[in-house]
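Undergrad: Pasting in a structure now, in structure tokens, and then I'll have a few things to ask.
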Amino acid sequence: MVGITGVGSGIDIDSIVKAMVNAEKAPKEAQLARLEKSTTTKFSALGQLKSALSEFQTALKALSDFSLFEKRTASSSDTSALTLSATKNALPGTYQIEVGRLATASKVASATVGSGFSSGAGEEVFTVKLGVDDAGTEVRIAAGSDLASTRDQLNAALKDKGISVNIVGNPGTGESRLVYSSTKTGAGEDVIVTGSGSLAALDVDGTQALNSTDPASAGYITQAADAQFSIDGLALTSASNSVTGAIPEVTLELLTKTEANKPLTVSVGQNSTGVTDAVNKFVEAYNKLIKTSNQLTSVVSVGDGKPPVAGGLVGDATVRNVLSAVRNQLVNPVNGQGDLRVLADLGIVTEKDGTLKVDADKLKVAVEGNFEAVGAFFAGESGLMQRLDKSIDGFIKTGGVLEQRMNGLQSTIKDIDKQKENLNLRIDKVQARLYAQFNAMDMLVGQLNQTSDRLTQSLASLPGFVKKDS
């Protein structure tokens, strides 16, 4: 509304202008609304199709990776006592394993010394070995070092040797001793410490046990020893609890001693479960693609007198092209894989609605009985998954068919917004023009009415004028 209108003529100018403006605006506005709705619907539908295709492509890539078929499963009947891992070259097999003893590292204690212990007036040397054949590491101790300082100097020098040193004290007597702990397991890896001068009081022969009758003596707390275990009754040893070489391409992690005559069962096998899971995910992703495509291209009747509900891509050539490319590859036999040439040979068949169904028992027989052929069927350059991936990649890759179409629809939506802005500007001008015209008419009518009133008054004042009764 522009000010107060219709005063001169008594006409409802606002209603007239509003009706004329709406008549001018409504057709174009309705056209843009229809175009915006159809464009947005199609954009959303293409997004749903692209999402389903991307999920399908992810499943294809997982099943096309040869590493899936190279993996080996490794299981233990008691993972608290033993775990294992296997490389892709490990042969399938089942073994009975008993663990009689874990490999241990050396821990030794020096003889006790009083609280006032101090190294000599000059620099003195410790020689620390791991085993009698080790050349040893010389650690020079500064003159006048107390036990704590001696410990710190030892730790600084031995930190890269896998040996740490601490102090254990007796609160009752005030005496203390150095305790050396090694991280290296296996027989013959005992810590042996020889000190010069006053440090000789802290010598340790790690091959000798602490003297039970002399609580102040030096010796080992734990002696370094090999692990003892058996595989299928064959007695074996290992310097480490992480055992390699006992079973080719398999690493055993010994965690604790097992009960006598109660061996653990460990198994090494092909990755049948992983492959089966990947096949099922492929089928699920394919079925989602089919159901999404059906939903986007269907026309559903909703009752008498009501328009049917149509999917966003009814009659769309892109959907037909995608599904045609995928189905052509599904029915195209894979060459050179023995009895496995089509999906039906693995128990995967097509239902009436176009989706796939898996016969779990038949798939299990194929995977467990012909594992390498299943791998060749799905994976590799000529495998089914690679061919399927190539058939859809052009649609969903960056710059592909779907992205180009969606970019075009986004441009259309932006153009619609621009047209709406232009329409509003034009309608504002139309409204302003109509108000100007009607207000000018209203002013003219008002002036004419005023002139008429003045003439009537003038005539009424003339002599002999007789006003007729109405």
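Undergrad: Under a point spin-label approximation (7 Å from Cα along Cα-to-Cβ), what is the A30-T173 distance to one decimal in nm?
TA: Taking the simple label geometry, A30 and T173 are separated by 10.8 nm.
Undergrad: So which lysines can K291 reach, going by Cα to Cα under 26 Å and dropping same-chain residues fewer than 8 places off?
TA: K291 reaches K37, K42, K50, K61, K281, K306, K352, K357, K362, K390, K397.
Undergrad: Moving on. If you take the beta carbon distance between Q404 and T94 as r and set R0 to 60 Å, what does 1/(1 + (r/R0)^6) give as a FRET efficiency, to the nearest 0.05?
TA: Taking R0 as 60 Å, the efficiency between Q404 and T94 is 0.60.
Undergrad: Could you please report the charge total around Q431, scoring K, R as +1 and D, E as -1 over all other residues with beta-carbon less than 12 angstrom from its beta-carbon?
TA: Residues near Q431 contribute +2 overall.
Undergrad: Oh, and also: Between T265 and E123, what is 0.36 nm times their sequence separation minus the Cα-Cα distance? Round to one decimal in nm.
TA: Stretched fully, the T265-E123 segment lengthens by 45.4 nm.
Undergrad: Only one of the values [x] 25.7; [y] 32.8; [z] 24.7 was calculated from this structure for Kirkwood radius over Cα pairs in Å; name its label.
TA: Identified label for the calculated read-out: [y].
Undergrad: Using helices alone, I'd like the mean residue ellipticity at 222 nm for the chain: each DSSP H run of four-plus residues gives -39500 (n - 2.57), total over residue count, nearest 500.
TA: Calculated mean residue ellipticity at 222 nm is -15000 deg cm²/dmol.
Undergrad: Whats the longest run of the chain with zero trypsin sites (Lys or Arg not before Pro) that are DSSP loop and have at most 13 other Cβ atoms within 10 Å?
TA: Excluding the exposed sites themselves, the longest stretch runs over 89-351.
Undergrad: Would you please state which residues of the stretch 28-60 a label at Q419 would reach in this model, taking the label point 7 Å out along Cα→Cβ and a backbone N cut-off of under 13 Å?
TA: Under 13 Å, as judged by backbone N against the label point of Q419, lie 28-40 of the stretch 28-60.
Undergrad: Pop a pseudo-label 7 angstrom from the Cα along the beta-carbon direction at both N449 and T213 and give the gap in nm to one decimal.
TA: 13.8
Undergrad: Of Q457, N439, S267, which is farthest towards the positive pole of the chain's charge dipole, taken about the Cα centre with +1 and -1 on the beta-carbons of Lys, Arg and Asp, Glu respectively?
TA: Going by the charge dipole, the pick is Q457.
Undergrad: What FRET efficiency comes out for A142 versus T256 if R0 is 60 angstrom and r is the Cβ-Cβ distance? Round to the nearest 0.05.
TA: 0.90
Undergrad: Take D133 and V331, extend 7 Å from each Cα along the Cα→Cβ direction, and tell me the distance between the two endpoints in nm.
TA: 7.2
Undergrad: Let me ask something else. Students often check this: by mean Cβ neighbours within 10 Å, which of 447-453, 198-204 ranks highest, and how do the rest follow?
TA: The packing order, highest mean first, is 198-204, 447-453.
Undergrad: First select every other residue whose beta carbon is under 13 angstrom from the beta carbon of K362; then total the charges, Lys and Arg +1, Asp and Glu -1.
TA: Summing Lys/Arg as +1 and Asp/Glu as -1 gives -3.
Undergrad: Then there's this: By the scheme Lys and Arg +1, Asp and Glu -1, what is the net charge of all other residues having a beta-carbon under 13 Å from that of R151?
TA: After counting each charged neighbour, the total is 0.
Undergrad: Mind checking the full-extension length gain between F66 and D353? Use 0.36 nm per residue of separation minus the Cα-Cα distance, one decimal, nm.
TA: 100.2 nm
All of the numbers you see were taken from the coordinates with simple rules; none came from a lab. Given the structure is predicted, the values throughout are model-derived calculations rather than measurements. Every residue, glycine as well, gets a Cβ built from its backbone with ideal geometry; the counts of neighbours run over all protein chains shown.
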